[in-house]
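Encoded as structure tokens, the structure appears first; notes follow it.
The values are calculated or read from the model by the stated rules, or taken from the named source; none is laboratory data. Given the structure is predicted, the values throughout are model-derived calculations rather than measurements. No Cβ is skipped: glycine too gets one built from the backbone with ideal geometry, and neighbour counts run over all protein chains shown. Accessible surface is based on the protein model in full, side chains and every heavy atom, while ligands, DNA and RNA are left aside. Shrake-Rupley method; radii C 1.70, N 1.55, O 1.52, S 1.80 Å.
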Amino acid sequence: MDMGRIHVAVGPMFSGKTEWLIEKLETEKSRGKNVLPVRYSLDTRYSDTEMVSHNERTMKALGAQSSDDVLKIFQDHTNIEVLGVDEMQFYDPKLADVLKVIRDQDVIIYTSGLDMDFKTDPWETTDAVLSIADSLDMLTATCSVCNKKNAIYSQRLIENREQVVVGGTDIYTPRCEEHYQNL
């Protein structure tokens, strides 16, 4: 069995994080690995039963709402060699501890999520997971203003100061440093 590792991808909205995750999990499946995909259950923008990228790439996934749910789902399945967790920023910060426990059982973990919220503040859970990551892919999106692939921020388009507002192109757009506006 492989040594457990935690691989992370972060970036703004529309940078391909879920696409990255699905690609990693499909590659592991094609190598004959027993893969367990987990999605954040309160994100129902596209599906209640699948991870779905903004490019509409899909993968069946079990829903979880907390780090305890992720651990329970893992424990309820046998012989899991690879775990994938999408939208890590939405889970409680204990997710990092849960991922360490799972990694220490020689499980390879892929997880993706936002590194900053719409105000450019770091997500607590993402920071906690980054502190234990074995590898990190920093993804960028195409800026919706200048059309360059240099967007690192998620520009919120509505006036709502809550940190968690789940949405797509109706609420967010990717922006580069020059065109981001902290409203």
**Item:** Lys24 vs. criteria buried (at least 18 other Cβ atoms within 10 Å of the Cβ), closer than 28 Å to Tyr172 by Cβ and not hydrophobic (A, V, I, L, M, F, W, C)
**Value:** yes
**Request:** Scan the stretch 123-161 residue by residue and report those that are in contact with a helix residue (DSSP H, G or I) (Cβ under 9 Å, 6 or more places away or on another chain) and assigned to a strand (DSSP E or B).
**Result:** Leu136, Asp137
**Fill in**
Matching residues in the stretch 160-182 (farther than 14 Å from Thr120 by Cβ, in contact (Cβ under 8 Å) with a residue 60 or more places away in the chain and surrounded by 13 or more Cβ atoms within 10 Å (Cβ to Cβ)) number 3
**Asked** In the stretch 57-78, which residues are part of a loop (DSSP other than H, G, I, E, B) and modelled with pLDDT of 95 or more?
**Response** Ala61, Gln65, Ser66, Asp76, His77
**Request:** Just need a number here: residues in the stretch 30-53 that are outside any strand (DSSP E or B), touching a strand residue (DSSP E or B) at 6+ places or on another chain (Cβ under 6 Å) and in contact (Cβ under 8 Å) with a residue 40 or more places away in the chain.
**Result:** 1
**Prompt:** Only one of (1) in contact (Cβ under 8 Å) with a residue 40 or more places away in the chain; (2) within 27 Å of Ser47 (Cα to Cα); (3) open to solvent by less than 40 Å² (accessible area, probe 1.4 Å) is not met by Ala133, so which one is it?
**Reply:** (2)
**Message:** Against the definition (touching a residue at least 24 places away in the same chain (Cβ under 8 Å), under 29 Å from Asn150 (Cβ atoms) and over 15 Å from the mean Cα position of the chain (by Cα)), how does Glu56 come out, yes or no?
**Reply:** no
**Item:** Criterion (touching a helix residue (DSSP H, G or I) at 6+ places or on another chain (Cβ under 6 Å) and either within 19 Å of Ser135 (Cβ to Cβ) or of a type in the set (Val, Ile, Thr) (or both)) met by exactly one of Gly16, Gly4
**Value:** Gly4
**Message:** Could you check the stretch 78-93 and list, in sequence order, the residues that are farther than 19 Å from Asp43 by Cβ and not β-branched (Val, Ile, Thr)?
**Reply:** Asn79, Glu81
**Message:** Could you go through the stretch 91-111 and let me know if any residue there is assigned to a loop (DSSP other than H, G, I, E, B), at pLDDT below 95 and open to solvent by 60 Å² or more (accessible area, probe 1.4 Å).
**Reply:** no
**Asked** Which one is farthest from Glu87 (Cα to Cα) among residues in the stretch 162-183 that are not hydroxyl-bearing (Ser, Thr, Tyr) and not in a loop (DSSP other than H, G, I, E, B)?
**Response** Arg175
**Request:** Say whether the condition of being at pLDDT 95 or above and either among the β-branched types (Val, Ile, Thr) or under 20 Å from Lys17 (Cα atoms) (or both) is met by at least one residue in the stretch 47-56.
**Result:** no
